[in-house]
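The values are calculated or read from the model by the stated rules, or taken from the named source; none is laboratory data. Bear in mind the structure is a predicted one, so any value in this text is a computation, not a measurement. A quick note on method: Cβ atoms are made from the backbone with ideal geometry, for glycine too, and the neighbour counts reach across all protein chains shown.
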Amino acid sequence: MRQILERSPAYRIFLRLRSRSISNERLKSRLRRRGHNLDKALADGTDCRVALFELKLLISEYFRRNLKGTETTKWVWDLIYQAELGLVDSDDMRVLTENVVPLTEQNFKKAVMGRRSVRQWTAEPLNVDDIVRALDVARWAPSSCNRQAWKFLLVQKHQDKECLQMFTHQTFFKQAPVVVVPLVDMEDYHKEIKHYAYLDSGSIIQTLLLTLHVEGFGACWIGVKHDQQYDGNLDAFQSHFGLSKQWIPVSLIPVGRYELLPKAPPRKDVDDMILDQTD
Ligand SMILES: Cc1cc2nc3c(=O)[nH]c(=O)nc-3n(C[C@H](O)[C@H](O)[C@H](O)COP(=O)(O)O)c2cc1C
């Protein structure tokens, strides 16, 4: 057992945790990821001793640093109790049934198929709280190991929008009352899974776009270009918005109210998407 534990990533980071070379932000992310590992081990009925050990190290360090308890820490405690005592909270089952959404299939399809990229907005100012409410829904998007390594800039000032121009040749985004800039913490992804940073970002971006659409807002997903000036631009962007080096802008999402939705551009036939291997 001791050998297993010494090979455990959490055991190796234990010394780094104690020396505080791991930031509070990173510690929170690890709690979510290791919690996810334990959650899975409990569900699969596989050996959860290592995952449990790792999680206990992390949670004890969390409170040693006097960090405030959150929904995540409550969830972690519940998992630890469950693993230690073999107890399953009977409330769990109730949550599962309550989560069945009373949404008709028709409404769901309408929302998914009716969303459009909106590139023109009315002059109506936007309340930033509306975007915050949409993000409050979008944060339930899936992410790798539930790491949720995302943050969002809500850009409204003219000079701040001008600063974003370095990432795209498009200019229409500056007409929107708010430009949401999804950022991802690249340091939260080790070498083999760097690309998950973009997958996780895409996951929350699409959920945000759909949420905004059903709330009556129009938005457009604009990609950030990695051209020859990108590295210098990134430095300038991070210093303009006071961001540390790990935060990378993934896209620009101008949002506002619209008068007309554009017509839908055609989609590939579903038959053209499927590579049938059954024959
Ligand atoms: C990664 C990504 C980058 C995009 N970049 C741009 C862009 O630079 N400019 C733009 O007008 N639309 C951009 N779009 C929007 C697409 O053009 C649009 O989603 C597509 O044409 C389908 O139209 P619809 O969103 O109305 O269904 C981008 C979409 C994605 C997913």
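Picking from Gln175, Gln170, Gln156, which residue would you name as being without any contact (Cβ under 8 Å) to a residue 40 or more places away in the chain and polar (S, T, N, Q)?
None of the others qualify; the one that does is Gln156.
So for the stretch 150-171 (the condition being assigned to a helix (DSSP H, G or I), buried (at least 22 other Cβ atoms within 10 Å of the Cβ) and within 14 Å of the ligand (Cβ to nearest atom)), does at least one residue qualify?
Looking for residues that are assigned to a helix (DSSP H, G or I), buried (at least 22 other Cβ atoms within 10 Å of the Cβ) and within 14 Å of the ligand (Cβ to nearest atom), one finds at least one in the stretch 150-171, hence yes.
Could you list, ordered by first residue, the pairs with Cβ atoms under 9 Å in which the first is in the stretch 212-227 and in the same structural domain as Ala123 (by TED's automatic domain parsing) and touching a residue at least 60 places away in the same chain (Cβ under 8 Å) and the second is of a type in the set (Ser, Thr, Tyr) and within 10 Å of the ligand (Cβ to nearest atom), at least 6 apart or interchain?
Listed by first residue and then by second, the contacts come to Gly218/Ser117; Ala219/Ser117; Cys220/Ser117; Trp221/Ser117; Trp221/Ser251.
Taking the stretch 231-272 as the search range and keeping residues that are farther than 18 Å from Ala197 by Cα and hydrophobic (A, V, I, L, M, F, W, C), which one is nearest to the ligand (Cβ to nearest atom)?
Ala264
Quick check on my filter: what residues within the stretch 231-270 are farther than 27 Å from Ala123 by Cα, β-branched (Val, Ile, Thr) and surrounded by 11 or more Cβ atoms within 10 Å (Cβ to Cβ)?
Passing the criteria: only Ile248.
Being over 11 Å from Ser143 (Cα atoms) and either away from the ligand (no atom under 14 Å from the Cβ) or more than 17 Å from the chain's Cα centre (by Cα) (or both) is the filter here; which residues of the stretch 196-220 pass it?
Of everything in the stretch 196-220, those that are over 11 Å from Ser143 (Cα atoms) and either away from the ligand (no atom under 14 Å from the Cβ) or more than 17 Å from the chain's Cα centre (by Cα) (or both) turn out to be Thr211, His213, Val214, Glu215, Gly216, Phe217, Gly218, Ala219, Cys220.
Enumerate the pairs (first residue in the stretch 108-135 and under 23 Å from Leu153 (Cα atoms) and touching a residue at least 40 places away in the same chain (Cβ under 8 Å); second residue anywhere and assigned to a helix (DSSP H, G or I) and away from the ligand (no atom under 14 Å from the Cβ)) with beta-carbon separation below 9 Å, excluding pairs fewer than 6 apart on the same chain, so at least 6 apart or on different chains.
What qualifies is Arg115/Val214; Arg133/Thr211; Ala134/Thr211; Leu135/Thr211.
Starting from the stretch 48-71, take each residue that is assigned by TED's automatic domain parsing to the domain that holds Ser23 and under 13 Å from Arg34 (Cα atoms) and list its partners that are assigned to a loop (DSSP other than H, G, I, E, B) and not small (Gly, Ala, Ser), counting only C-beta distances under 8 angstrom and pairs at least six apart or across chains.
Close Cβ pairs satisfying both conditions: Arg49/Met1.
Polar (S, T, N, Q) and either crowded, with 16+ Cβ neighbours inside 10 Å or more than 16 Å from the ligand (Cβ to nearest atom) (or both): is that true of Gln228 in this structure?
Yes.
Can you confirm whether Val184 is in the same structural domain as Leu243 (by TED's automatic domain parsing), touching a Leu at 6+ places or on another chain (Cβ under 9 Å) and surrounded by 18 or more Cβ atoms within 10 Å (Cβ to Cβ)?
Answer is no for this residue.
Return the residue satisfying two criteria in turn: it lies in the stretch 23-67 and is among the β-branched types (Val, Ile, Thr) and buried (at least 18 other Cβ atoms within 10 Å of the Cβ), and of such residues it is modelled with the lowest pLDDT.
Here the answer is Val50.
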